[in-house]
Amino acid sequence: MSNSNNSSGFASIDDVKVAFVSLTGEELVKLKQIARLRSHGLPTSTWEDLLQEALFRALTGTRQWPVSVPFLAFLAQTMRSIASDERRRAQDIEVITESDLRGDEGSTSLLNDIAVTTATPELLAESRSALTEIENLFSNDPEARQILEGLALGALPAEIQASSGMTPVRYSSAQRRIQRTLAKQYGQE
Amino acid sequence: MKKSVNEITRLQNTIDGLEKLVLDSTFTNESFDSLEQKRTETEMRHIFAASAARAKLTMEERPAVAPERSSPKGKRQIPLTVRLREFAMMLHTRPDIEPRLQAVFESSSDFDDLEMNKIIADVGKLLSQQESLPIKAKSKKSNSF
């Protein structure tokens, strides 16, 4: 199954295998944390599904690993892409009837043709619920909550510090508390 | 701070930010005992083995990785695995069907992960032998499983 593509800037499939089995215990825990975080609010996939699909794509070459990107970041990015796709599809299939499943020639996506671009109330509610679940992890840490609020709005650290009045030192300290909480919450069963 | 964004974007942004924190963390084993660490490693090995098994089947049957979304006729072609997922998601949005499907799964309570992975791999193999996924639409009056 060798697929050496190093000259094109992508790792081979064998490289992917080696990279995965070479991950340290700490890296595996990080990977699990990321997969569990990423699966929050997804309509169907669990964290195991996400990770398995990401690895499957890497191992079939459907998703190629750029050698310049750390392996863990590559898997994280692949899971992000899979999760985004799942959310997008969930938004796109707001109303389906069984007759919609009938394909004319059996070769095209049956559901992609039924695009409804607005987010469904259900999906919005699921996202809200998933977000609340994450926020509740930090219910006793106002500074961590301020950072989360900033992240939710896509703000930069400097913007979060400016709006919250946190010094860079306090910001870093709150970040470390977040990291510890995530490790405890998502790195264990 | 700025702009208002909908809940889906807020969730996505939050997870993106937290993911970066996880990747950047200088995490040590302080939070985990060795048993926990072992369990994670075992879980990960199983996930990797399942992915590798699926990948092997796919690669055996399609030795050359074909362009994912184009057919010989130049028409848009979605891989069967993706279409299966779409079908599963469609079921998820159909409250009238999902409980019945759920009942089918629940009646098979003795499935474990390995068996499920094998079933998934077998279904994938079966489907990849066909050119398309023939989903037979049932009439609205008789859509029971």
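Numbers at a glance
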item: Test: residue in region A:74-94 that is within 9 Å of another protein chain (Cβ to nearest Cβ), surrounded by 21 or more Cβ atoms within 10 Å (Cβ to Cβ), touching a residue at least 12 places away in the same chain (Cβ under 8 Å) and in a loop (DSSP other than H, G, I, E, B); result: yes
item: Qualifying residue in region A:153-175 (condition: among the small types (Gly, Ala, Ser), closer than 23 Å to A:Leu42 by Cα and crowded, with 21+ Cβ neighbours inside 10 Å); result: no
item: Among the candidates A:Glu135, A:Glu122, residue that is modelled with pLDDT of 90 or more and of a type in the set (Asp, Glu); result: A:Glu135
item: Enumeration of residues in region A:12-35 that are more than 10 Å from every other protein chain (Cβ to nearest Cβ) and assigned to a helix (DSSP H, G or I); result: A:Asp14, A:Asp15, A:Val18, A:Ala19
item: Region A:6-54: number of residues that are β-branched (Val, Ile, Thr), in contact (Cβ under 8 Å) with a residue 24 or more places away in the chain and closer than 21 Å to A:Ala183 by Cβ; result: 2
item: Residues that are more than 9 Å from every other protein chain (Cβ to nearest Cβ) and either at pLDDT below 90 or assigned to a helix (DSSP H, G or I) (or both), drawn from region A:36-46; result: A:Arg36, A:Leu42
item: Residue within region A:75-86 that is at pLDDT below 90, in contact with a helix residue (DSSP H, G or I) (Cβ under 6 Å, 6 or more places away or on another chain) and either closer than 25 Å to A:Thr120 by Cβ or not aromatic (Phe, Trp, Tyr) (or both) present; result: no
item: Near pairs, Cβ below 7 angstrom, 6+ apart or cross-chain, from region A:139-153 (more than 21 Å from B:Ile8 (Cα to Cα) and at the interface with chain B (Cβ under 8 Å from one of its Cβ atoms)) to any residue that is at pLDDT 95 or above and assigned to a loop (DSSP other than H, G, I, E, B); result: none
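The values are calculated or read from the model by the stated rules, or taken from the named source; none is laboratory data. The structure displayed is predicted, hence computed values, not measured ones. For neighbour counting, all protein chains shown are included, and Cβ atoms are generated from backbone atoms with ideal geometry for every residue, glycine included.
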